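Colleague: Okay, here's the structure, questions in a sec.
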Amino acid sequence: MRNRRPSQILAQSGVTLVEMVVVIVILGIALTTITQMIGQNTVSGAYTYDETKAIELAQSYSSEIKAKRYDENSPVGGVPPCDGVSGGSGCTANSNAALGPDTGEAARTAFDDVDDYDDLDEGSGSGNSLLDAEGNARSGYENFRVQVQVTYSGDVAPRSGSVSDSKKVVLTITQPNGEALDFTFHRANY
């Protein structure tokens with residue numbers, strides 16, 4: 001075995017300039033790709049956050065609306081239903097034109113039945129603040145908008161003397177990015 005000098009050993013174990021440039025190029029491509037992926041995840045994370053806030057808002061509004069009476073003539077708790085047959089009084093006019101707040105119920109805190117929420121429009125772009133059930137402004141939803149449409153389920157002009165069994169409520173929540181999400185539920189006459 002031949003004796004090598006320390007300078008020969010160092011020269012053989014070193015990295016050439018070409019190898020170093022190749023490593024730098026590969027690392028540059030890899031880091032650029034990773035940085036782009038992280039940036040995309042950050043943007044989609046913001047959208048996910050807004051969607052979660054929109055769902056929370058929809059749940060809050062739907063819980064508030066479902067807690068109200070079916071009709072102006074329905075008793076609190078809904079039993080007996082306002083069908084004029086089961087011992088309860090008859091429901092108010094059964095047409096979509098009759099939906100909306102009743103006289104003296106301009107403020108949300110005065111809403112006492114489901115159809116009072118028809119044409120409710122609150123939040124960004126509506127000129128009205130988003131409110132909770134007690135009438136307080138909601139914080140953390142500054143750029144959200146809530147719109148509510150209430151209609152009778154099924155036939156909008158039922159035969160004379162009949163009563164619709166449910167009302168369809170559509171909540172449209174518009175997120176800060178302009179994307180609107182629709183949430184639909186039915187409130188039954190029970």
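The values are calculated or read from the model by the stated rules, or taken from the named source; none is laboratory data. Bear in mind the structure is a predicted one, so any value in this text is a computation, not a measurement. Counting neighbours? That spans all protein chains shown, and the Cβs are built from the backbone with ideal geometry, glycine included.
Colleague: I'd like to verify a number: residues in segment 175-190 that are farther than 15 Å from Asp113 by Cβ, surrounded by 13 or more Cβ atoms within 10 Å (Cβ to Cβ) and either touching a strand residue (DSSP E or B) at 6+ places or on another chain (Cβ under 6 Å) or not polar (S, T, N, Q) (or both), how many? I'd like the intermediate steps shown before the answer.
Modeller: Filtering segment 175-190 for residues farther than 15 Å from Asp113 by Cβ gives 175-185.
Still in the list and also surrounded by 13 or more Cβ atoms within 10 Å (Cβ to Cβ): 175-176, 181, 183, 185.
Within this subset, residues satisfying the condition of being either touching a strand residue (DSSP E or B) at 6+ places or on another chain (Cβ under 6 Å) or not polar (S, T, N, Q) (or both) are 176, 181, 183, 185.
Final tally of qualifying residues: 4.
Colleague: Cβ-Cβ distance below 9 Å, separation of 6 or more or different chains: which pairs start in segment 8-22 with a residue that is assigned to a loop (DSSP other than H, G, I, E, B) and end on one that is modelled with pLDDT of 90 or more and surrounded by 10 or more Cβ atoms within 10 Å (Cβ to Cβ)?
Modeller: Val15/Val23
Colleague: Report yes if some residue within segment 148-163 is within 14 Å of Glu56 (Cα to Cα) and modelled with pLDDT of 90 or more; otherwise report no. Spell out how you get there, then give the answer.
Modeller: Quick first cut of segment 148-163, residues within 14 Å of Glu56 (Cα to Cα) only: none.
No, every residue in segment 148-163 fails to be within 14 Å of Glu56 (Cα to Cα) and modelled with pLDDT of 90 or more.
Colleague: Does segment 23-70 hold any residues that are of a type in the set (Phe, Trp, Tyr), part of a helix (DSSP H, G or I) and either at pLDDT below 90 or surrounded by fewer than 10 Cβ atoms within 10 Å (Cβ to Cβ) (or both), and which are they?
Modeller: Start the filter on segment 23-70 by keeping residues that are of a type in the set (Phe, Trp, Tyr), which leaves 47, 49, 61, 70.
With the extra rule that they be part of a helix (DSSP H, G or I), the set shrinks to 47, 49, 61.
Of everything in segment 23-70, those that are of a type in the set (Phe, Trp, Tyr), part of a helix (DSSP H, G or I) and either at pLDDT below 90 or surrounded by fewer than 10 Cβ atoms within 10 Å (Cβ to Cβ) (or both) turn out to be Tyr47, Tyr49.
Colleague: Just name the residue that is modelled with the lowest pLDDT out of those in segment 81-111 that are of a type outside the set (Gly, Ala, Ser) and surrounded by fewer than 15 Cβ atoms within 10 Å (Cβ to Cβ). Let's see the steps before the verdict.
Modeller: Going residue by residue through segment 81-111, those that are of a type outside the set (Gly, Ala, Ser) are 81-83, 85, 91-92, 94, 96, 99, 101-103, 105, 108-109, 111.
From what is left, the residues that are surrounded by fewer than 15 Cβ atoms within 10 Å (Cβ to Cβ) are 85, 103, 109.
Values: Val85: 65, Thr103: 77, Thr109: 85.
Only one residue fits best here, namely Val85.
Colleague: Looking only at segment 112-137, how many residues end up being surrounded by 16 or more Cβ atoms within 10 Å (Cβ to Cβ) and without any contact (Cβ under 8 Å) to a residue 40 or more places away in the chain? Let's see the steps before the verdict.
Modeller: Of segment 112-137, the ones surrounded by 16 or more Cβ atoms within 10 Å (Cβ to Cβ) are 113-118, 120, 122-124, 130-131.
From what's left, without any contact (Cβ under 8 Å) to a residue 40 or more places away in the chain: 118, 120, 122, 131.
Count: 4.
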